[in-house]
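Remarks on the structure that follows.
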Amino acid sequence: MTYCVGMALKDGLVMVSDSRTNAGVDQISVFRKLTTWEVPGERVISLCTAGNLAVTQAVVDMVSKGFMLEDEEEPVSMMTVSGMRDAARLVGKAVRQIEAQDGEVLRQQGVELNSAILLGGQVKGGRMSLFQIYSAGNFIESTEQTPFFQIGETKYGKPILDRVVTYDLGLEDAVKLALISMDSTLRSNISVGPPLDLVTVKRGDLEIDTRKVIEEDDPYFKEIQKRWGHALRSAFKRIPPMPSAKDIT
């Protein structure tokens, strides 16, 4: 299991992913789930994955190397797509090709080819976009009304996002919020864990603004954990008790 969150906001893009795939008393595996393609001034694309690791790694490999599509004379890759919607179509096509190639054999072994993908970025001449791509290869795009997506173990980190995320949220606050959402998930589910990968892109810059690997002992992340826990406890104590039936009448 993993947890990834992406936000496409007025000022730019924020994407954060954990890197844990299996967890138990005797096994913890770490694989990076965030991949970027960048040509400064020309394109910057970031992809986060959750689900079957064999499927998602194959997808990343296919879209990195490129492959033939209908009506194309040359292989198409993340470095050659003409826009973000075409990039989403490319990822969806890769998912479907892997399903067609390996799906039946793996299902016979009891393995499901489930996957979930977040794809965000901007290509020169186009607008910044964020997509969620499903196991069937279809996708949806974020909007100003719904500016964030989550994949993986989403339920623990969602409440804070629902309450705070707006399209006008600044990038610094969005990073802070994404890490609070991640901390809520880490505390409640052992299958999500560090190191965390963080990428931010300012709208129109066409290059990565921030790229950071956040380890468990990262000072800022530990400060967020400390301050957020204190703030929750303080807010809880300030809430008055429920009125008794006698007080109500």
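The values are calculated or read from the model by the stated rules, or taken from the named source; none is laboratory data. Every value quoted in this text rests on a predicted model; they were computed, and no experiment measured them. In this analysis, Cβ positions are derived from the backbone assuming ideal geometry, glycine residues included, and neighbour counts consider all displayed protein chains.
Within the range 1-87, which strands (runs of 3 or more DSSP E) (wholly inside it) include 1 or more residues that are modelled with pLDDT of 90 or more?
3-9, 12-17, 34-39, 43-51
Cβ contacts < 9 Å: first residue under 23 Å from residue 58 (Cβ atoms) and in contact (Cβ under 8 Å) with a residue 40 or more places away in the chain, restricted to the range 31-43; second residue surrounded by fewer than 16 Cβ atoms within 10 Å (Cβ to Cβ) and among the β-branched types (Val, Ile, Thr), any location; separation 6+ or different chain. Result?
The qualifying pairs are 32/213.
Does the range 134-145 contain at least one residue that is under 13 Å from the mean Cα position of the chain (by Cα), touching a residue at least 60 places away in the same chain (Cβ under 8 Å) and in a loop (DSSP other than H, G, I, E, B)?
yes
Of all residues being in contact with a Gly (Cβ under 6 Å, 6 or more places away or on another chain) and more than 19 Å from residue 49 (Cβ to Cβ) in the range 71-130, which is surrounded by the fewest Cβ atoms within 10 Å (Cβ to Cβ)? Just the residue, please.
Per the criteria, the residue is 75.
Going through 207, 172, 216 one at a time, which residue ends up being loosely packed, with under 13 Cβ neighbours inside 10 Å and part of a loop (DSSP other than H, G, I, E, B)?
Selected residue: 216, the only one of 207, 172, 216 that is loosely packed, with under 13 Cβ neighbours inside 10 Å and part of a loop (DSSP other than H, G, I, E, B).
Of the residues in the range 178-195, how many are outside any helix (DSSP H, G or I) and either free of Cβ contacts under 8 Å to residues at least 24 places away in the same chain or under 16 Å from residue 33 (Cβ atoms) (or both)?
Of the residues in the range 178-195, 6 are outside any helix (DSSP H, G or I) and either free of Cβ contacts under 8 Å to residues at least 24 places away in the same chain or under 16 Å from residue 33 (Cβ atoms) (or both).
Give the residues of the range 138-169 that are under 15 Å from residue 48 (Cα atoms), surrounded by 20 or more Cβ atoms within 10 Å (Cβ to Cβ) and not polar (S, T, N, Q), sorted by residue number.
148, 149, 151, 152, 153
Just checking, how many residues over the range 238-249 are outside any loop (DSSP other than H, G, I, E, B) and modelled with pLDDT under 95?
Residues in the range 238-249 being outside any loop (DSSP other than H, G, I, E, B) and modelled with pLDDT under 95: 4 in total.
Kindly indicate whether residue 184 is over 24 Å from residue 127 (Cβ atoms), at pLDDT below 95 and out of contact with any Gly (no Cβ under 8 Å at 6 or more places or on another chain).
So residue 184 fails the test.
For (1) in contact (Cβ under 8 Å) with a residue 24 or more places away in the chain; (2) within 18 Å of residue 94 (Cβ to Cβ); (3) part of a loop (DSSP other than H, G, I, E, B), each residue gets a yes or a no:
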| site | (1), (2), (3) |
| --- | --- |
| 112 | yes, yes, yes |
| 117 | yes, yes, no |
| 122 | yes, no, no |
| 131 | yes, yes, no |
| 150 | yes, no, no |
| 154 | yes, no, yes |
| 161 | yes, no, no |
